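In what follows, a structure is listed as structure tokens, so that the remarks can point back to it.
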Amino acid sequence: MKPLIALLLLVSFSVLADGNKELLTFESEEQRRLYAQLTAELRCPQCQNQNIADSNAVVAVDMREKTHELVQQGYSRQQVLDYMIDRYGNFVHYQPPLNRITIWLWLLPALVLLALFLFQLKRRAGQTALRYRSDQSAEPAPSAAKAELEQQLDNIIDRYRSNKP
Amino acid sequence: MRKGLFYIPLVLFLGLSLFLLSGLFSDPRERDSAIIGKPLPAFSLPDLMNPQQQWTPESLKGETFLLNVWGIWCPTCNAELGYMSQLRNEQGVRIIGLYYVLPEDPMFGEVFDLATLQKDVQSRLQSFGDPYQFNILDRNRRLSMDLGVSGAPEHFIVDADGIVRAHHIGDINPQVWRSKLAPIYQQWAAKP
């Protein structure tokens with residue numbers, strides 16, 4: 001029984017100890033919110049893919065303390081971010097800045113979308129033109145007729161090729 | 001035209017494969033350093049073995065050196081002591097240690113004791129090799145944070161004017177030294 005009580009005491013004290021360690025004081029509710037926001041969006045440089053609020057690496061603890069200190073001194077969000085980016089590079093912020101390289105993250109999907117749209121538009125135009133021509137009873141212009149004949153010839157060749165074993 | 005379109009998925013697939021393949025060989029710890037090309041941040045820190053002596057960026061100027069962030073608590077740092085001693089003895093590389101003190105947890109009865117630390121460091125250096133001219137004690141890791149250190153071991157090459165020229169995260173082994181750090185070190189050490 002005694003060891004059990006000792007163990008229980010030990011566990012309860014260690015929980016107390018842990019709770020005490022991270023109790024931070026702030027002058028205003030605004031500062032507390034800023035601190036919570038900053039520690040959530042700053043990235044731990046040691047244990048990758050964790051923010052400094054989640055990580056217990058030495059450097060994350062130090063960065064939390066520093067963030068707290070700077071927030072207490074009245075630094076704004078951007079000033080604290082600049083302070084950290086000055087030391088750890090853009091890596092340390094989960095929102096990368098817009099620059100020559102990162103601009104492609106935004107541009108590329110838009111360009112692909114545009115290209116697909118144009119491609120589809122062109123195909124549509126080609127199909128309607130073809131239908132329009134076959135509907136006409138009048139003789140199409142000689143050059144268009146030639147192109148169409150060539151197209152048919154291409155189709156026949158394609159069909160023969162795909163039939164080959 | 002239609003024959004050309006046929007190859008687009010293949011090209012896209014090959015491009016994606018190459019991109020992902022290159023990811024297999026990249027080092028995820030590798031990140032851009034914010035300090036390269038900048039002077040050492042301001043500091044005034046004591047010598048580890050001789051605390052009366054204070055080191056500042058000014059007092060380090062004059063010769064290119066390799067700044068090694070390390071601690072005896074870090075196994076990788078201990079493992080590289082041997083090779084770095086070899087660099088010091090055989091190639092005359094000037095290596096200065098920046099001792100990275102882990103935070104103590106008073107709840108576990110841990111207190112910072114300089115005399116004990118000095119003794120531990122000395123015995124460690126005796127058994128693994130001592131590559132250092134001297135060690136700077138970064139008690140609260142302030143200088144380490146200003147340098148953008150995320151852990152130990154990390155290395156910086158600082159030129160004679162006190163400008164940081166290289167930042168290497170991780171250990172120094174023969175391959176890293178030869179392919180990455182030696183060219184930079186020699187380039188700046190050779191400058192008059």
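The values are calculated or read from the model by the stated rules, or taken from the named source; none is laboratory data. Nothing here was measured: the structure is a model prediction, and the numbers come from that model. Using ideal geometry, Cβ is built from the backbone for each residue, glycine included, and neighbour counts are taken over all protein chains shown.
At a glance:
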| item | result |
| --- | --- |
| Top-ranked residue of region A:74-96 - restricted to ones that are part of a loop (DSSP other than H, G, I, E, B) and surrounded by 10 or more Cβ atoms within 10 Å (Cβ to Cβ), ranked as nearest to the other protein chains (Cβ to nearest Cβ) | A:G89 |
| Residues of region A:20-47 classified as basic (K, R) and facing chain B (nearest Cβ under 9 Å), total | 1 |
| Test: B:F25 is more than 14 Å from chain A (Cβ to nearest Cβ), more than 16 Å from the chain's Cα centre (by Cα) and exposed (fewer than 10 other Cβ atoms within 10 Å of the Cβ) | yes |
| Filter result for the condition that a residue is of a type in the set (D, E, K, R) and surrounded by 18 or more Cβ atoms within 10 Å (Cβ to Cβ), over B:D120, B:D105, B:D159 | B:D159 |
| Some residue of region B:26-41 being more than 29 Å from B:Q186 (Cα to Cα) and not β-branched (V, I, T) | no |
| Looking only at region A:1-27, and only at residues there that are out of contact with any helix residue (DSSP H, G or I) (no Cβ under 9 Å at 6 or more places or on another chain) and not in a helix (DSSP H, G or I), the one that is modelled with the highest pLDDT | A:L23 |
| B:T76, sole failed condition from (1) touching a strand residue (DSSP E or B) at 6+ places or on another chain (Cβ under 6 Å); (2) surrounded by fewer than 21 Cβ atoms within 10 Å (Cβ to Cβ); (3) within 14 Å of chain A (Cβ to nearest Cβ) | (1) |
| Candidate set from region B:98-131 (those that are among the hydrophobic types (A, V, I, L, M, F, W, C) and in a loop (DSSP other than H, G, I, E, B)); member that is nearest to B:V69 (Cα to Cα) | B:V101 |
| Hey, A:R100 within 14 Å of chain B (Cβ to nearest Cβ), modelled with pLDDT of 90 or more and under 25 Å from the mean Cα position of the chain (by Cα) or not | no |
| Top-ranked residue in region A:48-66 [being facing chain B (nearest Cβ under 9 Å) and not small (G, A, S); ranked as surrounded by the most Cβ atoms within 10 Å (Cβ to Cβ)] | A:M63 |
| Test: B:Y99 is buried (at least 18 other Cβ atoms within 10 Å of the Cβ) and more than 14 Å from every other protein chain (Cβ to nearest Cβ) | no |
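Residue-wise test of (1) part of a strand (DSSP E or B); (2) touching a helix residue (DSSP H, G or I) at 6+ places or on another chain (Cβ under 8 Å).
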| site | (1), (2) |
| --- | --- |
| B:L20 | no, no |
| B:A34 | no, yes |
| B:P46 | yes, no |
| B:P51 | no, yes |
| B:G62 | no, no |
| B:N78 | no, yes |
| B:L81 | no, yes |
| B:E90 | no, no |
